[in-house]
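Have a look at the structure below before the remarks.
Please treat every number below as a calculation from the coordinates, not as lab data. Not measured: the values here are computed from a predicted model. Don't worry about glycine lacking a Cβ; one is built from the backbone with ideal geometry, like all the others, and counts go over all protein chains shown.
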Amino acid sequence: MNRKLLTYFFATTVLLTACGVPKELIQKIESGKKETIDFPLDYANLFPTPTFEQWDNDYNYYERYLTQDILRTQMGLSYNNNGVQTWWCMPSARTHVQLDTITMITDPKAVIGDWRSVCNRRVSYIDSVVYADKKIYRNSKLVHNETDADAFLSITETKFNLYGADKAGESFKRVVSKNYDIQSKRFLLLYGLSKAAAAISFIGIDKEGRLIINSYWVQERKVKGTYITYEAVMIQMIYKRQE
């Protein structure tokens, strides 16, 4: 299966499977239908104040939510190319754009149940600084919006099971089956035997009761004393509860 963004969301950090859907879920999937909702590009996200005086303070504010389990997964890569110093990390829990804290999971049991995707997209957020200008330039761009693929998520007290189909109406297959843990009320860890190799995403529930899972990769590019650019590419999946 192609599964496009659905597979991309997990491919670098989670071992994919190719199993069928349990019989007890087939009827629930078939009784419902695929639904698509268009959200603003910055939906449920927070950004640093775009000023020299406040940007760093806003960025550093979220460090308080990083646990030791999360920090152990943040293995970045740094290199220099013709004077441009680049740092890259995927998946990242340190991003200049963050899932809004009003979506925090105050009760872990709130995520238990069955969910169907209503949004599956990739968005790029860039903050750039030219030191001579002393200004921050911000740009958001929709990279891809997956309208064909369908996803069904079943969460128990201990397991995170994701099923996908290339197109609505096609047979679902299991994409991911992993243990999970929610930390700091906003981070989702998907793991096998060890949390040290966990996939890290942001997780939350919006005011409409929809489940949001954002996975980011980040890249920082800079020339000392000239400019610095922060780019976060968000793979966002939003789900509606299935009764």
Exercise. Report, in debye and to the nearest 20, how large the dipole of region 4-242 comes out about its Cα centre when Lys and Arg carry +1 and Asp and Glu carry -1 on their Cβ.
Key: 320 debye
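Go ahead and estimate [θ] at 222 nm for the chain from helices alone: -39,500 (n - 2.57) per DSSP H run with n ≥ 4, summed, over the residue count, rounded to 500. Show your work: numbers first, answer last.
Numbers: 4 runs with 28 residues, N = 243.
Here the helix-only value at 222 nm equals -3000 deg cm²/dmol.
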Quiz item: Of [x] 15.6; [y] 13.6; [z] 20.5, which one was derived for mean projected area of the Cα convex hull in nm² from the structure shown?
Solution: [y]
Exercise. List the lysines whose Cα lies under 16 Å from the Cα of K222, skipping any in the same chain that are fewer than 8 positions away.
Key: K134, K135
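At a Förster radius of 30 Å, what calculated FRET efficiency corresponds to the Cβ-Cβ distance of L46 and K224, to the nearest 0.05? Could the numbers behind the result be given before it?
Values: r = 29 Å, r/R0 = 0.95.
So, using R0 = 30 Å, E works out to roughly 0.55.
Would you please give the FRET efficiency between A110 and E243, computed as 1/(1 + (r/R0)^6) with r the Cβ-Cβ distance and R0 = 25 Å, to the nearest 0.05? Kindly include the intermediate steps, with their values, before the conclusion.
On the way: r = 15 Å, r/R0 = 0.59.
So, using R0 = 25 Å, E works out to roughly 0.95.
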Quiz item: Using 7 Å Cα-to-Cβ label points, what is the T101/N80 separation (nm, one decimal)?
Solution: 3.8 nm
Self-check item: Cβ-based charge dipole, region 4-242, positive-most Cα from P50, L153, S92
Solution: L153
Exercise. Which order do the peptides 25-37, 162-174 take when ranked by the mean count of other beta-carbon atoms within 10 Å per residue, highest first?
Key: 162-174, 25-37
Practice problem: Identify, among A197, G113, L41, the residue whose Cα sits farthest towards the positive end of the charge dipole of region 4-242, taking +1 on the Cβ of Lys and Arg and -1 on the Cβ of Asp and Glu, with the dipole about the Cα centre. | Solution: A197
Practice problem: Anything over 20 Å Cα to Cα? Flag those among K109/K167; K34/K167; K109/K207; K33/K167; K23/K173; K23/K159, in the order listed. | Solution: K109/K167
Quiz item: Could you put H96, H144 in order, starting from the residue whose Cβ has the fewest other Cβ atoms within 10 Å?
Solution: H144, H96
Quiz prompt | Segment N179-N57, extension gain: residue separation times 0.36 nm, minus the distance between their alpha carbons | solution = 40.5 nm
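Relative contact order for region 161-235 using alpha-carbon pairs under 8 Å, separation at least 6, rounded to a whole percent?
Taking the mean separation of contacting Cα pairs over the length of region 161-235, I get 15 percent.
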